2 protein chains.
Amino acid sequence: MKKPSQAGPLDPAAICRSSDPLAVRELLTKIGDKWTIFVILSLDLLGGRARFSELERAVPGISQRMLSSTLKTLERDGLVIRELFPEVPPRVEYEMTDLGKSLLHPTQGLVDWAKANWEQVREAQSRYDAR
Amino acid sequence: MKKPSQAGPLDPAAICRSSDPLAVRELLTKIGDKWTIFVILSLDLLGGRARFSELERAVPGISQRMLSSTLKTLERDGLVIRELFPEVPPRVEYEMTDLGKSLLHPTQGLVDWAKANWEQVREAQSRYDAR
DNA sequence: CAGCATCCAGGACGATACTG
DNA sequence: CAGTATCGTCCTGGATGCTG
């Protein structure tokens, strides 16, 4: 029921001054890529900590290349921590940081929305295409 | 703090059976593209209804081509309704549907997260790159 | 086991020009 | 005003093969 947070009735480009739109775009671009959410959700599901091969099995269809690069980006962003154990064969474990965990809640919001409404979206698409 | 919703301790591919992962991915892919969130947020900010040229001004940097195709996708997905007024010069208004409005809350969750935490992400990136 | 290097195809997006 | 058409570019991501 809230009004769109009035900053002026017809204020052009209002969102783009509030709250660093670049940050929003970058965030959305990141979790909007092909694998990031699945890796995040899988890591959570595996208890917040897992090794490379576990994630590989947990995310069907992902290639080593994509899992590796996705994890590297997550690590660079401070969302996961990579821990290398100097053994043979090598073992690497990835653990979600508090920052990473904090992203789970808003992410879950979108997952829930998709769960609840995607059928409607599909129907809308069908109606639209039937013309 | 909730546990990761136990479906089995080491259940491979668990998310991928729950809740239509395709839907989640498609949703994220859509709002993760370059313009969709900005168009949605701008449309909300303009009161949930606006014409093409208003949106063009509200989303700095967007081209006619991208605004047009973004709106077309949103219309197809049932998130906005396009209304054409048979006048000269032509007038077209776009209005958010209830479905579209319902997407605002989960979306806002991500916007808020970005607002609150992006600085930390940037710092993590700097630390990572400084090596 | 946990990657990286390389190559390649397709799609996203920008720039520009034209139209009902 | 509100688009469409066309072209070119960059980037994402898949496939494959190699390595510490």
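The values are calculated or read from the model by the stated rules, or taken from the named source; none is laboratory data. The structure displayed is predicted, hence computed values, not measured ones. Neighbour counts run over all protein chains shown; Cβ positions are idealised from the backbone, glycine included. Keep in mind that these areas ignore ligands, DNA and RNA; they rest on the heavy atoms of the full protein, side chains included. Shrake-Rupley method; radii C 1.70, N 1.55, O 1.52, S 1.80 Å.
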How large is the dipole of the protein assembly as shown about the Cα centre if only Lys and Arg carry +1 and Asp and Glu carry -1, each at its Cβ, rounded to the nearest 20 debye? 200 debye
Springs between alpha-carbon pairs under 10 angstrom, Gaussian network model over chain A: which of A:Gly109, A:Gly48, A:Gly32 fluctuates most? A:Gly109
As a test of the formula, what do you get for chain B when each DSSP H run with n ≥ 4 contributes -39,500 (n - 2.57) and the sum is divided by the residue count, at 222 nm and rounded to the nearest 500 deg cm²/dmol? -17000 deg cm²/dmol
Within 10 Å of each Cβ of A:104-112, how many other protein chain Cβ atoms are there on average? 6
Can you tell me which of A:Glu87, A:Glu95, A:Glu26 moves the most in a GNM of chain A? Springs connect C-alpha atoms under 10 Å apart. A:Glu87
Rounded to whole Å², per residue accessible area for the protein assembly as shown with a 1.4 Å probe reads 54 Å²
So which of A:Lys72/A:Lys115; A:Lys72/A:Lys101; A:Lys115/B:Lys34 end up more than 25 Å apart, counting from Cα to Cα? A:Lys72/A:Lys115
Using a Gaussian network model of chain B with C-alpha springs under 10 Å, which one of B:Phe85, B:Phe38, B:Phe52 is most mobile by mean-square fluctuation? B:Phe85
Toy charge model, Lys and Arg Cβ at +1, Asp and Glu Cβ at -1: chain B dipole around Cα centroid in debye, rounded to 20, equals 360 debye
Charges on Cβ only, +1 for Lys and Arg, -1 for Asp and Glu, centred on the Cα centroid of chain A; of A:Val121, A:Gly100, A:Pro21, which one is farthest towards the dipole's positive end? A:Val121
Could you pull the copy-to-copy label distances for A:Phe85, with points set 7 Å along Cα to Cβ, in nm to one decimal and sorted shortest first? 6.8
Summarise the accessible area of the stretch B:17-130 (1.4 Å probe, protein heavy atoms) by the percent that is carbon and sulfur. 53 percent
Using unit Cβ charges (K, R positive; D, E negative) and no other charged atoms, how large, in debye to the nearest 20, is the dipole of the stretch A:61-108 about its Cα centre? 200 debye
What a careful reader reports for the chain B Cβ nearest the rotation axis onto chain A, distance rounded to whole angstrom, is B:Gly32, 1
So the label point sits 7 Å from Cα along the Cα-to-Cβ vector; using that for A:Asp112, what distances do you get to the other copies, in nanometres, sorted shortest first? 1.2
Using the reciprocal of the averaged 1/r over all distinct C-alpha pairs, how large is the Kirkwood radius of chain B in Å? 17.5 Å
Rounded to the nearest 5, what is the percent of antiparallel bridges among the DSSP beta bridges in the stretch B:17-130? 100 percent
List, shortest first and in nm to one decimal, how far the label point of A:Arg131 (7 Å from Cα along Cα→Cβ) is from its counterparts in the other copies. 5.4
Restricting to Cα pairs below 8 Å that are 6+ residues apart, what does the relative contact order work out to for chain B? Please round to a whole percent. 18 percent
Roughly what percent of Cα-Cα pairs across the protein assembly as shown reach past 22 Å? 59 percent
